[in-house]
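What follows is one structure encoded as structure tokens, with my remarks underneath.
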Amino acid sequence: MEKIIDENKQGENLILEHKESNSRKLFIESYGCQMNFSDSEIVASILSEEGFNTTKSLEDADLVLVNTCSIRDKAEQTVRKRLEKYNAVKRSKNPKMKIGVLGCMAERLKSKFLEEEKMVDLVVGPDAYKDLPNLISEVDDGRNAINVILSKEETYGDIAPVRLNSNGVTAFVSITRGCDNMCTFCVVPFTRGRERSREPQSIIEEINDLASKGFKEVTLLGQNVDSYLWYGGGLKKDFKKATDMQKATAVNFAMLLDMCAKAQPKMRFRFSTSNPQDMTLDVIETMAKHRNICNYVHLPVQSGNNRILKAMNRLHTREEYFELIDNIRRIIPDIAISQDMIAGFPTETEEEHQDTLSLMDYVKYDFGFMFAYSERPGTLAGRRMEDDIPVDVKQRRLNEIQALQREHSHYRTKQNVGKVQEILIEKSSKKSDAHWSGRNSQNTVAVFPKEHYKVGDFVNVKITDCTSATLIGEAVGYSDNN
């Protein structure tokens with residue numbers, strides 16, 4: 001739940017530039033959060049060196065891979081249906097096709113997919129992608145192959161991801177892998193392993209490479225970016241065993257953010273996801289210091305009630321969250337804040353649900369990602385708590401949270417009307433080919449007439465109107481960030 005899931009991207013089929021020398025065809029689909037889509041770019045890069053070109057045609061593929069998510073039951077059911085579809089094509093049209101599962105679901109359902117249901121030939125966990133060449137040769141020799149070992153070191157810092165289906169303007173750069181926060185509803189620590197950070201210089205090199213290719217905005221990505229800590233490699237939890245020299249030269253997230261902003265002053269930076277208990281004010285102060293770090297924080301809270309937060313093992317209270325929000329807004333008054341919220345967590349009472357609504361009233365988030373609780377096998381909540389809130393009650397509570405968020409989103413969006421804001425043009429508007437679409441520093445989408453501007457331009461836009469989620473305006477010239 002800590003990760004943003006873009007519903008528009010689910011099941012996206014990835015295509016990259018063909019190499020003439022490659023003779024095999026790879027069909028790869030991704031589900032779940034942005035980390036999975038980022039990992040698919042790493043996989044495509046590895047397999048491109050192994051003779052695979054990507055294809056949009058499932059029927060022609062030699063190898064079909066699906067990168068999976070275990071965060072929500074819906075994602076898992078969707079992947080299962082896709083595996084059934086792949087197998088139907090394999091039986092009827094392409095018996096030589098090999099099918100593999102990557103990512104979080106692979107780790108959790110390895111024996112079920114491979115041995116019991118025989119739906120796949122290959123199962124690869126999120127830390128084992130470098131082993132793909134060996135695993136594929138096993139499959140080519142007629143054996144099933146599996147590697148779901150979770151690593152203490154692997155960060156893929158030495159793999160240059162192939163940017164797939166990219167708009168050429170915005171990109172994601174992974175800075176951590178795994179998670180140490182044992183939220184009781186979340187399966188990530190069990191599927192992606194313990195938290196470790198990527199070497200800072202490899203991050204800066206990837207960002208410099210993106211800038212040289214014309215990218216204008218980078219989102220630093222991790223399950224929990226604020227707890228980034230590089231001290232020479234290894235797990236974050238082992239930092240206490242580090243030498244005095246390692247501790248003295250360690251790089252935390254605020255320092256990394258500062259390094260990124262200085263390395264490419266004309267590039268915009270965002271980051272996701274933050275955890276309230278790990279976000280320190282030096283991060284916010286670094287944001288305030290650099291114009292090219294966007295004024296936006298995704299700060300999941302999940303519930304507004306202390307008892308439920310404790311049951312979720314969230315490691316912060318309602319009061320501590322309010323204090324953090326107040327301090328963030330004191331340092332950056334025009335910052336946008338978004339949330340993750342779970343409705344109907346086990347044992348949640350009506351009064352506790354009201355606490356969530358009152359917390360939302362206090363913060364008035366710009367937008368949010370809201371879900372009804374779904375029990376995930378393998379989580380602490382799944383093992384120890386009965387999913388005792390009726391489905392209709394969960395849905396009604398979710399509807400109330402969503403309705404309140406729409407109200408707050410409109411309130412926040414309206415505050416932009418009359419202002420001039422810098423927008424980075426990303427693509428044509430979905431609703432009108434005569435308009436550009438891009439985002440402001442606060443991550444709100446803006447649309448405006450195309451005129452002579454182009455994708456990748458930073459444009460000052462006078463905001464004249466809005467809907468609850470979109471700013472509408474007119475360009476008044478280039479910003480000085482071009």
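The values are calculated or read from the model by the stated rules, or taken from the named source; none is laboratory data. Since the structure is predicted, the reported quantities are computational estimates derived from the model, not experimental observations. So basically every Cβ, Gly included, is an ideal-geometry build from the backbone, and we count neighbours across all protein chains shown. Note: accessible area is taken over every heavy atom of the protein model, side chains too, but ligands, DNA and RNA are not part of it. Shrake-Rupley method; radii C 1.70, N 1.55, O 1.52, S 1.80 Å.
Does the stretch 228-239 contain any residue that is surrounded by 21 or more Cβ atoms within 10 Å (Cβ to Cβ), more than 30 Å from Leu359 (Cβ to Cβ) and in contact with a helix residue (DSSP H, G or I) (Cβ under 8 Å, 6 or more places away or on another chain)? Yes; the residues of the stretch 228-239 include at least one that is surrounded by 21 or more Cβ atoms within 10 Å (Cβ to Cβ), more than 30 Å from Leu359 (Cβ to Cβ) and in contact with a helix residue (DSSP H, G or I) (Cβ under 8 Å, 6 or more places away or on another chain).
A single member of Tyr373, Tyr296, Tyr321, Tyr365 is aromatic (Phe, Trp, Tyr) and farther than 30 Å from Gln421 by Cα, and it is Tyr373. Within the stretch 124-146, restricting attention to residues that are small (Gly, Ala, Ser) and not in a loop (DSSP other than H, G, I, E, B), the residue that is surrounded by the most Cβ atoms within 10 Å (Cβ to Cβ) is Ala145. Please enumerate the residues belonging to the stretch 324-354 that are open to solvent by 50 Å² or more (accessible area, probe 1.4 Å) and either more than 21 Å from Arg412 (Cβ to Cβ) or of a type in the set (A, V, I, L, M) (or both). If the condition is that a residue be open to solvent by 50 Å² or more (accessible area, probe 1.4 Å) and either more than 21 Å from Arg412 (Cβ to Cβ) or of a type in the set (A, V, I, L, M) (or both), then Thr347, Thr349, Glu350, Glu351, Gln354 are the ones that fit.
Per this entry, Asp121 is counted among residues that are of a type outside the set (Phe, Trp, Tyr), more than 30 Å from Glu206 (Cβ to Cβ) and crowded, with 21+ Cβ neighbours inside 10 Å. With respect to the conditions (1) modelled with pLDDT of 85 or more; (2) assigned to a helix (DSSP H, G or I); (3) over 28 Å from Asn313 (Cβ atoms), Asn8 falls short on a single one, namely (1). Pairs meeting the criteria (first residue in the stretch 101-116 and part of a strand (DSSP E or B), second residue crowded, with 21+ Cβ neighbours inside 10 Å and of a type in the set (Lys, Arg), beta carbons under 9 Å, at least 6 apart or on different chains) are Gly103/Arg192. Of the residues making up the stretch 362-372, one or more are touching a residue at least 60 places away in the same chain (Cβ under 8 Å), in contact with an Asp or Glu (Cβ under 9 Å, 6 or more places away or on another chain) and at negative phi.
Taking the conditions exactly as written (without any contact (Cβ under 8 Å) to a residue 24 or more places away in the chain and either open to solvent by 10 Å² or more (accessible area, probe 1.4 Å) or touching a Leu at 6+ places or on another chain (Cβ under 7 Å) (or both)), does Ser174 satisfy them or not? No: the conditions fail for Ser174.
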